[in-house]
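Where a number appears in this text, it was derived from the coordinates with a stated rule and is not lab data. Here the structure is a predicted model, which means the values were calculated and not measured. Cβ sites come from the backbone with ideal geometry, for glycine too, and all protein chains shown count toward neighbours.
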Amino acid sequence: MSKQINLSQRARDIEPFQVMDILAQGKALQAQGRDIIHLEIGEPDFLTPQPIIDAAVASLKQGDTFYTPSLGLMALREKIAEWYQQQYQLTISPRRIVVTPGASGALLLAIGALLEAGKHLLMTDPGYPCNRHFARFVEASAVAVPVNAESDYQLTPEHIEQYWNQNTQLALVATPSNPTGSILDKARLQALANAVRSKQGVLVVDEIYHGLNYDGTHLPSALEVDDNTIVINSFSKFFGMTGWRLGWLVIPESLEPAIERLAQNLFLAAPTTAQYAALAAFEQRSLDILEQRRQAFEKRRDTLLPALTALGFEFPVTPQGAFYLYADCSKLLNDKVTDSMQLSRYLLNEAGVAITPGQDFGHYQAAHHLRFAYTTEVSRLLTAAERIETALQKLR
Ligand SMILES: Cc1ncc(COP(=O)(O)O)c(C=O)c1O
């Protein structure tokens, strides 16, 4: 028997995802021969575009197997800077761009560099759960601000006024958001940036779902409204590169030496092959593939949203980005299934549809919400809706 090893308090405080439970149950059902439709997974179902894969293979054949500089390949930092010019008409010095192991690495660097032990980070509830664990990891804490449809599930200047105190240092938002797919338009980003600046705080904006926005709207980067915001981004979602572990951070130039020291010590550098591969992500032939996929996601949203609405799920605001629908399931609960956790278990067993319970994204109204990820094709989404309908009828 292995010896009992004492864990640190911080390791004990970090919670698992409920969705892993659902995933494991789904896999067990699949092993019994059941057909499970996976709407719980937050990653695109598309393979990485071929030009990106080809660039990776070519770099390996060429012998690019060594560490890159800690802040990333300069050629990639320059390409990302050009992307800001092209997408947002922003001139950003490549020196302000730091290539990281995923947005996860970018979040850890930003929070590690800016959040003091014992201090607070404001974030939304519901929100991306790892953020509060990053805060915990640096011996600080996240203050979860309950948000609902009234503010499009985003932080507002009023929230900043209400929740900011002498211990607060950072506010963190994601636009489009996980789990709600809601976005911040330019005016609301500007108002939020002003509110945080008035508190001498720092605004961190997670733009990992940029590129996946619908309805023909221009999605503004936070850098359009305030050059001092810290922007998080990634190759995982829009570029379809989850497994490559590559993201980036845009910082004010004054932070570069500190972030470089942290990056050197925490990771040395982001994965080399992924960085060479990502150079091809901005080529037109990759962008054409990615645009087709964006349109496919939009079609999926436009299929699943009305289908679920017809079944009694409610969406007080239309999600405008990412690939998530955050559904209020209050009307479907009864004495047989009393909360969203039970409903997700029921729908997995009864309908073979895996969905993430709201509890994974916080506490506020979590028992009344589920997150559907439309990371599967339209025909499967329609089958999922049919099966959910049959299963819900049995509950009445
Ligand atoms: C809002 C948000 N931020 C960051 C991440 C981390 O992404 P990655 O490390 O793959 O770039 C995710 C992943 O789902 C996310 O949803």
Which ordering of Arg197, Arg285 is given by a fewest-first count of other beta-carbon atoms within 10 Å? Arg285, Arg197
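Please give me the summed charge of the neighbours of Val317: other residues whose Cβ is under 15 Å from its Cβ, Lys and Arg +1, Asp and Glu -1. Walk me through the intermediate numbers first.
Values: positive: Arg188, Arg301, Arg371; negative: Glu150, Asp152, Asp185, Asp215, Glu314, Asp328.
Result for the neighbourhood of Val317: -3.
Just to be sure I understand: of the beta bridges DSSP finds with both ends in the chain, what percent are antiparallel, rounded to 5? Spell out each step's value before the answer.
On the way: 17 of 36 bridges.
Percent antiparallel among DSSP bridges in the chain is about 45.
Suppose only helical runs count, i.e. DSSP H with n ≥ 4. What mean residue ellipticity at 222 nm does that imply for the chain under -39500 (n - 2.57) per run, divided by all residues and rounded to the nearest 500 deg cm²/dmol? Kindly include the intermediate steps, with their values, before the conclusion.
Details: 13 runs with 162 residues, N = 396.
It comes out at -13000 deg cm²/dmol, rounded to the nearest 500.
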Residue-wise, which Karplus ³J(HN,Hα) couplings in Hz belong to the stretch 242-252, taking 6.51 cos²θ - 1.76 cosθ + 1.60, θ = phi - 60°, and x for glycine or proline? 3, x, 7, 6, 9, x, 7, 9, 10, 10, x
When the Karplus curve 6.51 cos²θ - 1.76 cosθ + 1.60 is applied with θ = phi - 60°, which whole-Hz ³J(HN,Hα) does each residue of the stretch 173-179 get, with x for Gly and Pro? 10, 10, 9, x, 9, 10, x
Simple SL model, points at 7 angstrom along Cα→Cβ for Arg345 and Asp288; separation in nm is 5.0
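Does the stretch 17-158 come out rounded, prolate or oblate by the C-alpha gyration tensor, with a ≥ b ≥ c the root eigenvalues, rounded set by a/c under 1.5 and, if not, prolate when a/b is larger than b/c and oblate if not? Let's see the in-between values first.
Values: a/c = 1.77, a/b = 1.09, b/c = 1.63.
It is oblate, given that a/c is not under 1.5 and a/b is not larger than b/c.
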Along the stretch 231-240, what does the Karplus equation 6.51 cos²θ - 1.76 cosθ + 1.60 (θ = phi - 60°) give for ³J(HN,Hα), rounded to whole Hz, x for Gly and Pro? 10, 9, 8, 7, 8, 5, 8, 4, 7, x
Just the ratio, please: alpha-carbon radius of gyration of the chain over 2.2 N^0.38 Å, N its number of residues. 0.99
If one computes the Cα centroid of the stretch 101-130 and of the stretch 1-67, what distance in Å separates the two points? 21
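Could you check what % of the DSSP bridge pairs in the stretch 50-283 are antiparallel, to the nearest 5?
Details: 8 of 25 bridges.
Bridges in the stretch 50-283 that DSSP calls antiparallel: roughly 30 percent.
Treating only the Cβ of Lys, Arg, Asp and Glu as charged (+1, +1, -1, -1), what charge dipole size does the chain show about its Cα centre? Round to the nearest 20 debye. The partial results should precede the final answer.
Numbers: 34 positive and 42 negative charges, 165 e Å.
Dipole magnitude for the chain comes out near 800 debye.
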Distant-in-sequence amide H partners of His369 (H built 1.01 Å from N, under 5 Å): Cys329, Ser340, Gly358
For Lys119, residues with placed amide H under 5 Å, excluding near neighbours: Ser141
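Using the Cα gyration tensor of the stretch 50-283, with a ≥ b ≥ c the square roots of its eigenvalues, what is the shape: rounded (a/c below 1.5), prolate (a/b larger than b/c) or oblate (neither)? Intermediate results must be reported in sequence, preceding the final value.
On the way: a/c = 1.92, a/b = 1.49, b/c = 1.29.
In terms of gyration-tensor shape, prolate.
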Relative contact order for the chain, counting Cα pairs under 8 Å that sit 6 or more residues apart, in percent: 24
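Give me the net charge of Ala174's neighbourhood, meaning all other residues with Cβ under 10 Å from the Cβ of Ala174; Lys, Arg count +1, Asp, Glu -1. The partial results should precede the final answer.
Details: positive: none; negative: Asp206, Glu207.
Local net charge: -2.
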Specify whether the C-alpha gyration tensor of the stretch 131-222 places it in the rounded, prolate or oblate class, a ≥ b ≥ c being the square roots of the eigenvalues: rounded for a/c under 1.5, otherwise prolate if a/b is larger than b/c and oblate if not. prolate
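List the trypsin sites (Lys or Arg not before Pro) within the stretch 328-375 that DSSP assigns to loop and that have no more than 15 neighbouring Cβ atoms inside 10 Å.
Working: sites: Lys331, Lys336, Arg345, Arg371; in loops: Lys336.
Passing sites in the stretch 328-375 are Lys336.
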Using a Gaussian network model of the chain with C-alpha springs under 10 Å, which one of Gln86, Gln275, Gln190 is most mobile by mean-square fluctuation? Gln86
